[in-house]
1. Given the conditions (1) under 21 Å from Ile294 (Cα atoms); (2) at pLDDT 95 or above, which single one is not true for Phe696?
2. Failed condition for Lys577, given (1) surrounded by fewer than 16 Cβ atoms within 10 Å (Cβ to Cβ); (2) closer than 30 Å to Asp618 by Cβ; (3) at pLDDT 95 or above, with all others met?
3. Any residue in the stretch 160-186 that's over 15 Å from Leu86 (Cα atoms) and in contact (Cβ under 8 Å) with a residue 24 or more places away in the chain: show its pairings with residues that are of a type in the set (Lys, Arg) and surrounded by fewer than 21 Cβ atoms within 10 Å (Cβ to Cβ) at Cβ separation under 9 Å, as long as the two are six or more apart or on different chains.
4. Please go through the stretch 303-324 and pick out each residue that is modelled with pLDDT of 80 or more and of a type in the set (D, E, K, R).
5. Which ones in the stretch 429-449 are more than 30 Å from Asn462 (Cα to Cα) and not in a strand (DSSP E or B)?
6. Can you name the condition, by its number, that Leu251 falls short on among (1) within 14 Å of Lys718 (Cα to Cα); (2) touching a Phe, Trp or Tyr at 6+ places or on another chain (Cβ under 9 Å)?
7. Restricting to the stretch 162-184, name every residue that is surrounded by fewer than 19 Cβ atoms within 10 Å (Cβ to Cβ) and among the hydroxyl-bearing types (Ser, Thr, Tyr).
8. I'd like to check something: does the stretch 243-264 contain any residue that is under 29 Å from the mean Cα position of the chain (by Cα), at pLDDT below 90 and either of a type in the set (D, E, K, R) or part of a loop (DSSP other than H, G, I, E, B) (or both)?
Amino acid sequence: MKFKIYSLYVFLAFTITTYAQKKNQAYKLHIKKTTVPVKIDGKGDDPAWQEADEAKDFFRVLPMDDGLANEQTVIKMTYDEKNLYLLATFYNATKANYFVESLRRDFSFGKNDNFLLFLDPFNNQTTGFSFGSNAYGAQWDGTMFNGSSIDLNWDSKWISEVTRDDDKWVFEMAVPFKSIRYGEGVTEWGINFSRLDLKSSEKSSWTPIPRQFPTAALAYTGTLVWDAPPPPPGTNFSIIPYVLGEVNRDLEADGDTKTNGKIGGDVKFSLTSSLNLDLTVNPDFSQVEVDRQITNLDRFELFFPERRQFFLENGDLFANFGYENIRPFFSRRIGLGIPIQAGARVSGNLNDKWRLGIMDMQTASDSESGLPSQNFGVLSLQRKVFGRSSIGFMFVNKQSINYPQENDSINNLYPKYNRNFGMEYNLASSNNLWSGKAFFLKSFAPDEIGNGVTQGAHIEYNSRKWNWRVQEEWVGEKYTAEVGYVPRRGYVNLSSKLGHVFFPKSGPIVSHGPELNISYFFNEAFRQTDHLAYVVYQFDFRTRSNLMFFLSDDYVELLSPFDPTRLGLESLAVGTKHQWNAFGWEYESKPQSLFTYAFAGRVGGYYQNGNRTSLTADLGYRFQPYVSLNANLNYNHIDLPAPWNKNEFWLIGAEADITFTNKLFFANLFQYNEQTRNLNVNSRLQWRYSPASDLFLVYTNNYFIEPFEGRNWGVTLKFTYWLNN
């Protein structure tokens, strides 16, 4: 039955794929080469701009896609042998102060007056680059994947400036051709421009885009027409060395204060104009933002996103295979508590149809635990088919080598190898209304227990008023992905959702509507073990605030022992059955206010006929553009029969983000987690003294709450510099 369902989805996916031309093919901006210098000062008074063509008459996308924007924008572009230039002028029809959260790079899109550029150099409507700025000059850059998603962890070398007055703000930038990837000899790129103006609550786009889609949707880009092919980027070679010194102490292990020095770095080499080789030696990630703590009441392993820079460029080639909870590759499995010695990655576009990703990482061994040195290899290959769809192949290999000691227990704990091979089909229709996926994965291991399969498929329709999705997935009991993220095995899941949106003609509400979600879990004999059904009603206001209510019904048959408090008290037995209902709400205030807030709550039943109340609040205040203060509070009250009885715990997070300039940042995070008895402090000072080059000073400290005592602390000073030809 499972394979019949799978085959049906694949058939449907192929059947509804369309071959239509790009929706906004008629929108063209011609770009001409300049022979005079362009000074990036945010003034736009250079002679080069006088002859440049204009992209104007932007369309409104939000709150309603019903015509031209009130807040109009004019874009000009030009280029020379080294750089691509852009000049954007944003006129203010509504007179009010500008709204920005801070000067921090890669700002939150919805909390800033901002402009974004979307570049699709291969015109494949799936991958590209994004650059932009908020109204006070904070930069934004990222790589684009999946047709509209943006990975802001990618950094590149480019410069920009912003000027402002009451009537307009002006953004000017220069992006070196060496900083992006594109095919040689191509004279048409996909391109679009987006503006968010909070004082009028208006989001606009150069090309018309239906309101249910993001302005980043590459299916709706126009065309950048070059007067001649852009200059070949040539060989791009960069060396990014680092040096650091650190002082730390592990108080839990009664360790002494230690000092340590470390050097290493990365090398970037362009194999072609669109394919890059990255090498890393002795990498260090001490400056990476710490994970946000959460209250964990889940039966399965939680997911925390990758934040390390080396794994993030073209990361979608490796990380997007499968589903959120069926990932054959999860880069955070590499270097988990053990140093990475070296690594290499080849990634990018082979041409306008093929994308390639190859990664190989080598970790050290640990004689105390018996952990061997391990090699992690990943191969990902994508082929574009039809208009915007693709077929992908992936191979993942984890190989244990050079065991410090070998015996049966060590070999069982650290098997010789674990491998995954799979393929998937991704559906994306030309008008973005239809999307879907179908995939199959097979694992290989020395023990028969680790040799299994998994597969999944879904199809989704998303129009202005209707949204529906049906999905199925099956994970075999023997399927293993040691370098992946698969928190649950031995199940079949069938799920669906159906939503509808209403649009009042006037009043404070711009849209509202219900959505029904249903998910059933079965064991491999197709006997039900879980289900979750909930109905949501969502209100979106013209001020960009929103309100949501939900009602839910849960049923769980435990397949393994589980402590419903996660406090280590006592576990519920395998096979016990639990059912409850709950009611919840969420409200998020308008982002234009200096003081912003969001409230969420949930009241209702819980395991063992108990009750659980959960309340969450997010509070923020900004002294724009220099200081942004935030507090996150989560309270859980759980009432169960003995031996758990009544338990309550708090999770408190406080952040102070100080941005002295758009190159000097000071981030401070305080986290108090009563459930894990942990208090954490993290402070990070970053000075971007040169494009893509930084000086970091990082302080971390962890404490036990009861009894209050130190766990570990550390101070790190790290210096990086980007050298390129």
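1. (1)
2. (2)
3. Listed pairs, sorted by first residue: Asp166/Lys95; Asp167/Lys95; Lys178/Lys82; Lys178/Lys157.
4. Step one: of the stretch 303-324, the residues modelled with pLDDT of 80 or more are 303-306, 308, 310-311, 316-324.
Once the filter is applied, which keeps residues that are modelled with pLDDT of 80 or more and of a type in the set (D, E, K, R), the stretch 303-324 yields Glu306, Arg308, Asp316, Glu324.
5. Taking the stretch 429-449 first, the residues more than 30 Å from Asn462 (Cα to Cα) are 442-449.
Listed by number, the residues that qualify are Ala445, Pro446, Asp447, Glu448, Ile449.
6. With respect to (1) within 14 Å of Lys718 (Cα to Cα); (2) touching a Phe, Trp or Tyr at 6+ places or on another chain (Cβ under 9 Å), Leu251 is out only on (1).
7. Matches in the stretch 162-184: Thr163 only.
8. No, the conditions are met nowhere in the stretch 243-264.
The values are calculated or read from the model by the stated rules, or taken from the named source; none is laboratory data. Remember, it's a predicted structure, so these values are computed and weren't measured experimentally. Note that we place each Cβ from the backbone using ideal geometry, even for glycine, and neighbour counts take in every protein chain shown.
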